[in-house]
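Worksheet for the structure shown next.
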Amino acid sequence: MTAQTPSSLSSAAWEQRYQEGTPRWDLGQPAPAFQSLLTAADAPQPGRAIALGAGRGHDAIFFAQQGFEVTAVDFAPSPIQSLREQSQAQQLSLNLLQKDIFDLTPDLAGQFDYAIEHTCFCAIDPSLRPDYVALVADLLVPKGELLAVFFTHQRSGGPPFGTAPAEVRQLFEPYFDIVTLEPVANSVPSRHGEEHFGRLRRR
Ligand SMILES: C[S@@+](CC[C@H](N)C(=O)[O-])C[C@H]1O[C@@H](n2cnc3c(N)ncnc32)[C@H](O)[C@@H]1O
């Protein structure tokens with residue numbers, strides 16, 4: 001399946017944003033919600049994880065540091081190159097794929113215990129959200145988990161295209177049990193009150 005996207009959401013457009021300078025979505029650190037998750041008493045056990053729209057890969061690197069076997073995917077070349085350099089500098093072994101997420105299956109179907117979502121869902125055309133949900137469902141093993149930081153802002157337009165907990169439930173519930181879907185308490189200041197952390201288990 002190849003997604004049809006408006007030109008502003010193409011790989012070339014995202015690459016241009018990276019080339020133009022520091023991307024405004026790039027936190028320069030893992031999402032605080034993931035830091036809390038992996039240091040919590042009920043932290044998920046390390047396993048095979050795929051980071052979708054990984055960007056420069058602060059989350060992917062963090063999960064790899066915590067013992068996860070990470071595949072990071074982005075269709076823009078610059079962030080993948082940056083991720084390659086960072087992982088080599090830290091002597092971490094990540095599988096890096098410069099690819100459209102919607103072209104990952106069927107090859108990688110059922111290969112992952114976890115999918116990692118952080119501002120990829122809000123970066124794709126909202127009309128593709130049902131395809132995104134089906135993709136994540138396909139990538140995961142049964143009982144595999146989507147670990148997600150959803151950008152739940154309510155401004156019009158995008159990217160980033162906001163979502164709401166009700167939409168997340170409506171889209172994912174056909175395939176997933178919602179283990180957790182709650183406001184993030186420790187967002188960076190610029191995203192305060194506009195993020196929900198989700199832990200969604202594939203049926
Ligand atoms: C807002 S950025 C987020 C990057 C990273 N997750 C972060 O939080 O810093 C969205 C990323 O998704 C990538 N992306 C968007 N649509 C994609 C697609 N269909 N396939 C692969 N990557 C995609 C973009 O190139 C960009 O790096």
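Could you tell me which of the residues VAL149, VAL136, VAL141, VAL168 is farther than 26 Å from GLU15 by Cα and surrounded by 20 or more Cβ atoms within 10 Å (Cβ to Cβ)?
VAL168
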Within the stretch 28-39, residues modelled with pLDDT of 95 or more and either surrounded by 17 or more Cβ atoms within 10 Å (Cβ to Cβ) or more than 10 Å from the ligand (Cβ to nearest atom) (or both) come out as PRO30, ALA31, PRO32, ALA33, PHE34, GLN35, SER36, LEU37, LEU38
Here the residues within the stretch 102-120 that are without any contact (Cβ under 8 Å) to a residue 60 or more places away in the chain and either charged (D, E, K, R) or within 12 Å of the ligand (Cβ to nearest atom) (or both) are LEU104, ASP107
Out of (1) within 9 Å of the ligand (Cβ to nearest atom); (2) over 15 Å from the mean Cα position of the chain (by Cα); (3) among the polar types (S, T, N, Q), the one GLN98 does not meet is (2)
Quick count over the stretch 69-86, residues being within 15 Å of the ligand (Cβ to nearest atom) and either of a type in the set (S, T, N, Q) or part of a helix (DSSP H, G or I) (or both), is 10
Among residues of the stretch 46-68 being more than 16 Å from the ligand (Cβ to nearest atom) and free of Cβ contacts under 8 Å to residues at least 60 places away in the same chain, the residue nearest to ASP131 (Cα to Cα) is PRO46
| field | GLY157 vs. criteria in contact with an Asp or Glu (Cβ under 9 Å, 6 or more places away or on another chain) and not in a helix (DSSP H, G or I) | value | no
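The values are calculated or read from the model by the stated rules, or taken from the named source; none is laboratory data. Note that this is a predicted model, so its numbers are computed, not measured. Cβ coordinates were reconstructed from backbone atoms using ideal geometry, including for glycine residues, and neighbour counts include every protein chain displayed.
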